[in-house]
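Presented below is the structure to which this report refers.
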Amino acid sequence: MAAQEAVVCAKLVNDARERARLEISRLEALPRDPLDVALETASAAVEQYCDHVLAEMMASVPSDLTTEAASPVKKCYTDLVLEFGRSVRDIETASGRRHAVAQAVQQKILEAEQRLRLLFCEVTANVHR
């Protein structure tokens, strides 16, 4: 990875972590809702975070991204969304609620990873044309 790409990547990670920190603080400040509302809130937060981070990453990658170069970007994205998802899950302290939130978060992360794979398939396919 070139020095400039490393700086861009570090900025993206720092920005994503700051966004996560702010969102976790917001979620922690919410009143304890019934489980169905807590699940919707957690799911929406994870989905929005994933979408935002994905958009930021896609905007920063070159249009001629190769499959090899895409791998560290995908790993970085996955690491960030998993880190955020764990933080959302950890807001719940009761084991039953925590488990339910973990399942909702996991579903959103799987959906986000699928969008990531599809986008990178498109980007790398355009390189090979």
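Please treat every number below as a calculation from the coordinates, not as lab data. Only a predicted model underlies this, so the values are computations on that prediction, with no experimental measurement involved. So basically every Cβ, Gly included, is an ideal-geometry build from the backbone, and we count neighbours across all protein chains shown.
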Work through the residues other than D51 whose Cβ is under 12 Å from its Cβ and net out their charges, Lys, Arg +1 and Asp, Glu -1. 0
What is the extension gain from E40 to E83, computed as 0.36 nm multiplied by their sequence separation minus the C-alpha to C-alpha distance, in nm to one decimal? 13.6 nm
Extended-chain gain in nm, criterion 0.36 nm per residue less alpha-carbon gap, A29 and K11: 3.8 nm
